[in-house]
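Encoded as structure tokens, the structure appears first; notes follow it.
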Amino acid sequence: MPSAHPLAPAWLTPRRDTDDLEAALLPADAHRDAQGRLVIGGVDVETLAAQHGTPLYVLSEADFRARARSFREAFSAAFAPETEVDVFYAGKAFLSTHVAGWAVEEGLCVDTASGGELALALAGGVPPKQIGLHGNNKSDAEIQRALDAGIGRIIADSLDELERISTLAVAAGTRAPVMLRLTPGVHASTHEYIATAHEDQKFGLSLTPALSAAGAPAADSDGAVAAGAPAADPASEDTAANPYLGSPAWTAASRALELPGVELRGLHAHIGSQIFEPAGFELAAQKLITFLARLRADHGVELPELDLGGGHGIAYTEADTPRDPESIAAALAATVKQACAEHGLQVPRISIEPGRAIVGPAGVTLYRVGVQKDVQVDAPDGSTTSRRYVAVDGGMSDNARGVLYDADYSAVLASRRVTGDHALSRIVGKHCESGDIVVRNVYLPTATARDDLLAVPATGAYCHSLSSNYNYLTRPAVVAVADGASQVLIRRETEQDMLGRDTGFAAR
Ligand SMILES: Cc1ncc(COP(=O)(O)O)c(C=O)c1O
């Protein structure tokens with residue numbers, strides 16, 4: 001095996017042939033054909049580029065559908081026979097009418113996060129009862145639209161919003177189905193989570209009582225509970241003082257139960273993104289179930305639903321080793337069933353909201369290689385080495401995750417197979433920003449040349465949906481591939497589209 005480059009991260013395997021390592025990151029129906037071209041959904045990348053241009057978002061329909069199904073089947077099986085599970089595909093990861101339709105055909109619901117996403121889901125034919133609406137600052141118009149459409153749930157994020165939902169629902173002669181978004185004090189990412197009493201973020205309603213004027217908690221909170229800590233004894237809990245009194249979550253839940261236009265269906269929590277281990281989900285679930293038990297003790301109401309959010313992780317590079325939905329579902333189901341049994345509660349109907357884990361690995365972005373430069377760099381060991389910069393015809397406008405989150409990706413030379421020497425390469429875009437990096441570190445064949453096609457795997461989520469027109473680049477098309485054919489889901493933006501928004505200068 002070749003030796004590692006001094007600038008390469010430790011996880012990056014030096015290589016002569018990229019195929020084996022990248023296969024795990026590509027859609028399940030990707031392979032190389034006899035000419036060495038990458039083929040996805042039965043269509044080779046040169047054909048895709050010739051028909052649709054580059055950069056190009058390519059989505060494997062079969063891979064998307066298989067992942068959607070695997071979440072539904074894994075969670076339904078794990079929670080059976082006690083309860084049923086609804087999988088809400090989180091449309092913020094990527095939404096088009098086709099994708100919304102595929103999700104529904106696979107038995108999923110669709111989670112939206114704005115009036116625009118709601119409009120798209122409805123345009124895609126998603127039955128309104130299978131739509132949820134999120135958002136920390138929903139406008140009255142968005143709430144009204146949700147009520148008019150008769151969607152299945154509005155996830156309320158504040159007391160202010162609850163009041164407005166009720167007022168608008170009463171005016172419309174209805175009661176709105178509402179879930180309350182709580183912040184359980186669990187933040188999870190990849191392998192770890194942190195538990196905290198106080199949440200410094202804009203979403204949801206805290207379980208922790210608000211501080212008194214003196215800065216001390218107005219009442220005891222349930223605080224930060226270590227993972228695996230036993231649930232409270234239900235007998236003593238029923239008689240002890242309510243630890244949530246004075247918390248935004250308790251105030252909102254109590255109010256929701258009184259409001260004439262609100263039908264409080266249950267509780268919701270979303271604890272982070274790119275989560276590999278179930279422990280954070282389990283702890284959040286325990287906390288919500290303890291809260292449900294307290295609601296029953298003090299208000300005599302057993303809420304029928306619990307939404308455990310999204311955030312299930314995927315492999316962006318060889319360093320990532322996410323678990324499959326079965327093992328997450330099994331761990332979570334065991335914890336939820338046990339916590340409910342300890343509190344004497346029926347297991348509520350469960351929902352989850354995976355976005356990235358369904359659409360991320362199904363997507364690949366194709367770019368054409370342009371300018372390449374070998375840049376001299378001082379290595380940490382004091383030596384001087386070089387890094388290859390490979391510029392492509394897109395960049396941070398079609399994949400903002402590198403700039404936003406320092407996200408790592410991988411890449412593969414897709415238009416031909418080349419073995420032999422590889423150079424540590426950085427794939428950069430064509431924008432006027434030095435931070436315009438698509439792939440920070442990857443070994444690409446030194447023979448990579450102008451007009452070769454590069455494929456960046458795992459770009460199905462949060463790439464098109466975060467895309468922009470920065471530097472007036474037109475947004476790429478999104479095409480679906482299946483059974484040897486491609487279909488445009490979202491057409492490439494044109495300069496005319498961009499100029500059409502400019503009202504036009506007329507010299508006086
Ligand atoms: C409330 C909520 N649900 C679901 C998701 C989807 O997360 P992911 O795509 O990581 O599964 C998000 C992402 O931000 C979210 O905020």
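Structure notes:
- Across the range 271-331, the fraction of Cα-Cα pairs farther apart than 13 Å, rounded to a whole number, is 66%.
- By DSSP, the beta bridges lying fully in the chain are antiparallel in about 50 percent of cases.
- The phi torsions of the range 118-128, fed into the Karplus equation with coefficients 6.51, -1.76 and 1.60 and a -60° offset, translate into couplings of 4, 4, 5, 4, 5, 5, x, x, 5, x, x Hz, rounded to whole numbers, with Gly and Pro shown as x.
- Angle between the chain longest axis and helix 248-258 axis [Cα atoms, degrees, rounded to 10]: 60
- Multiplying each eigenvalue of the alpha-carbon gyration tensor of the range 411-505 by 5 and taking the square root yields semi-axes of 29, 19, 12 Å, largest first, rounded to whole angstroms.
- Principal-axis analysis of the Cα atoms of the chain puts helix 159-171 at an angle of about 80° to the longest axis.
- With both labels modelled 7 Å from their Cα along Cα-to-Cβ, the GLN496 to VAL377 distance reads 4.3 nm.
- The HN-Hα couplings worked out from phi for the range 485-502 by the Karplus form 6.51 cos²θ - 1.76 cosθ + 1.60 (θ = phi - 60°) are 9, 10, 9, 6, 8, 9, 6, 4, 6, 10, 4, 5, 4, 6, 5, x, 8, 8 Hz, whole numbers, x standing for Gly and Pro.
- Rg and Dmax, both from the Cα atoms of the range 338-404 and both in Å, are 23.6, 66.
- Rounded, prolate or oblate (a/c below 1.5 giving rounded, otherwise prolate when a/b exceeds b/c) for the range 82-359 by Cα gyration tensor: oblate
- Burial ranking of peptide ranges 26-36, 489-499, 346-356 (average Cβ count within 10 Å, highest at the top): 346-356, 26-36, 489-499
- The calculated FRET efficiency for the pair LYS129 and ARG255, based on their C-beta separation and a Förster distance of 25 Å, comes to about 0.50.
- Projecting the Cα atoms of LEU120, LEU292, ALA172 onto the dipole axis of the range 82-359, where Lys and Arg carry +1 and Asp and Glu carry -1 at the beta carbon, places ALA172 farthest toward the positive end.
- Positive dipole terminus of the chain, leading residue within THR384, LEU162, GLY135 (C-beta point charges): THR384
- Residues of the range 282-310 falling in the label zone of GLN346, defined by backbone nitrogen less than 19 Å from a point 7 Å along Cα to beta-carbon, are 289-308.
- Considering only SER247, TYR472, ALA195, and ranking their Cα positions along the charge dipole of the chain that arises from unit charges at the beta-carbon of Lys, Arg, Asp and Glu, the one farthest toward the positive end is TYR472.
- Helix 325-343 and the long axis of the chain differ in direction by around 10°, with both axes built from C-alpha atoms.
- With kT/(6 pi eta Rh) evaluated at 25 °C and eta = 0.890 mPa s, and Rh the Kirkwood radius from Cα pairs, the chain diffuses with a coefficient of 100 µm²/s according to Stokes-Einstein.
- Counted charge near TYR470, where neighbours are those whose Cβ lies closer than 11 Å (Asp, Glu -1; Lys, Arg +1): -1
- Across LYS92/LYS138; LYS373/LYS430; LYS138/LYS202; LYS138/LYS337; LYS92/LYS430; LYS138/LYS287, pairs whose alpha-carbon gap is larger than 23 Å: LYS138/LYS337; LYS92/LYS430; LYS138/LYS287
- Here the Karplus relation 6.51 cos²θ - 1.76 cosθ + 1.60, evaluated at θ = phi - 60°, turns the backbone of the range 351-357 into coupling constants of 9, 10, 9, x, x, 3, 6 Hz, with x for every Gly and Pro.
- Summarising the amide proton neighbourhood of ASP374: residues at separation of 5 or more, or on other chains, whose placed amide H is nearer than 5 Å comprise TYR389.
- Value of [θ]222 nm, deg cm²/dmol, for the chain, DSSP H segments ≥ 4, -39500 (n - 2.57) each, nearest 500: -8500 deg cm²/dmol
All of the numbers you see were taken from the coordinates with simple rules; none came from a lab. Being a predicted model, the structure only gives us computed values, none of them experimental. Note: ideal-geometry Cβ built from the backbone for every residue, glycine included; neighbour counts use all protein chains shown.
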